Amino acid sequence: MRASYKKFILNFKRPSGTSRGVLNQKETWFLILKGEQGYGIGECGILRGLSIDDVPEYEQKLKWTCDNIHLGRTKLWYALMDFPSIQFGVEQAFISFESKEPFELFPSPFTTESIPIDINGLVWMGDESYMHEQIQQKLADGFSCIKMKIGAIDFKSEMALLSSIRKKYNKDEIELRVDANGAFKVEEAMEKLNILSQYDLHSIEQPIKQGIVSEMKSLCANTPLPIALDEELIGVTNVTEKDTLLKTIRPHFIILKPSLVGGFKGSMEWIRTAEKYDIGWWVTSALESNIGLNAIAQWTATLQNNLPQGLGTGSLYTNNIDSPLTVENGKIYYQKDRVWDKTKIEQICI
């Protein structure tokens, strides 16, 4: 078996805003395995400015991984604890290589019968008119769960947007999630949570910055609406530390981005720990191309979690790879009558 890697830049169709800035491009890396039986592909979906493996020696570690591919999937995973996106790429690449088809990693009714997964419709930050436009489009597209990023425009305008939805749809008709990406100051967080609770929200993700454990614990204990941890999980790689974090903070939910928390194995450690403390969870992509998104969606389908998942990011890019993944009526499907663009895969990956 031989291993190689290749960098690829994904271009957003439209600049996408978060509280950490506006995204125009997304860097990603493909890990390719080749052997007599064929090939396998994994995506190392680093997020600059957020991933713990956003370090100058990232490409050097990719080269090391390829040079040591003979160690195998398990030994490499443990050797790459500080590089969760590469851990994830290694897992995908080995499963892909060992599968009958390189893009059918986890056979289930999702892949074999086109049984869909419920997902949320993501509304990016922007000016008020742009966010309102996105909300209307998501509703028209049949989404019954909408996730809105907040913290970029003024809080009153964001509340007006939430109010406009609630005037037309109650919580049984449209589920609303918000994601602050750590934008709230500690001293104002509870006041804002109280205001947000007026809109019958399902949950808020990461209201304050990660790492302020005592403050997050206090918020979770006293909040008028459920809190989900997201960025808080990044960089916590030891199983004992995961247990301590969730036991201490006691959030209502955790959100798993395999590229940021050590792939499938790292995510499963979080899931088992969360379920130990009766904490809910769902899975979210981290702006991967359709190669990484496909792996995440197929794996998620095997977990049989009925909450809407965060897997609707495949249509963000102008130069993504055509795949069987499609989004219709608030669900993601794997439609086998649609095929992978293997010509493009060969051009950019192999």
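The values are calculated or read from the model by the stated rules, or taken from the named source; none is laboratory data. Remember, predicted model here, so these are calculated numbers, not experimental data. Because the Cβ atoms are built from the backbone with ideal geometry, glycine has one as well, and the counts that use them run over all protein chains shown.
Testing residue 96 on (1) out of contact with any Phe, Trp or Tyr (no Cβ under 9 Å at 6 or more places or on another chain); (2) outside the structural domain of residue 200 (by TED's automatic domain parsing), one condition comes back false. Which one is that?
(1)
When you look at residue 74, is it touching a residue at least 40 places away in the same chain (Cβ under 8 Å), under 21 Å from residue 41 (Cβ atoms) and not in a loop (DSSP other than H, G, I, E, B), yes or no?
On the way: touching a residue at least 40 places away in the same chain (Cβ under 8 Å): no; under 21 Å from residue 41 (Cβ atoms): yes; not in a loop (DSSP other than H, G, I, E, B): yes.
No.
Name the residues in region 86-141 that are in a helix (DSSP H, G or I), among the small types (Gly, Ala, Ser) and within 21 Å of residue 287 (Cβ to Cβ), would you?
As a first pass, look at region 86-141 and keep what is in a helix (DSSP H, G or I): 86-98, 109-112, 128-140.
Of the ones still in play, those that are also among the small types (Gly, Ala, Ser) are 89, 93, 96, 129, 140.
Scanning region 86-141 gives 89, 93, 96.
Condition (residue is over 18 Å from residue 44 (Cα atoms), touching a residue at least 60 places away in the same chain (Cβ under 8 Å), part of a loop (DSSP other than H, G, I, E, B) and not aliphatic (A, V, I, L, M)) applied to region 286-300: is it met by at least one residue?
No, region 286-300 has no match at all.
Per-residue answers, yes or no, for (1) part of a helix (DSSP H, G or I); (2) without any contact (Cβ under 8 Å) to a residue 40 or more places away in the chain:
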| site | (1), (2) |
| --- | --- |
| 166 | yes, yes |
| 172 | no, yes |
| 178 | no, yes |
| 181 | no, no |
| 193 | yes, yes |
| 196 | yes, yes |
| 201 | no, yes |
| 207 | no, yes |
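If I ask for residues that are among the acidic types (Asp, Glu) and either touching a Lys or Arg at 6+ places or on another chain (Cβ under 6 Å) or assigned to a loop (DSSP other than H, G, I, E, B) (or both), which ones from region 217-250 would you list? Give the steps one after another, and end with the answer.
The first filter runs over region 217-250 and keeps only residues among the acidic types (Asp, Glu), leaving 230-232, 241, 243.
Within region 217-250, just 230 meets the criteria.
Kindly establish whether residue 60 is without any contact (Cβ under 8 Å) to a residue 24 or more places away in the chain, under 30 Å from residue 122 (Cβ atoms) and either of a type in the set (S, T, N, Q) or assigned to a strand (DSSP E or B) (or both). Don't jump to the end; show me each part of the working.
Values: without any contact (Cβ under 8 Å) to a residue 24 or more places away in the chain: yes; under 30 Å from residue 122 (Cβ atoms): no; either of a type in the set (S, T, N, Q) or assigned to a strand (DSSP E or B) (or both): yes.
Here the answer is no, as residue 60 does not meet what is asked.
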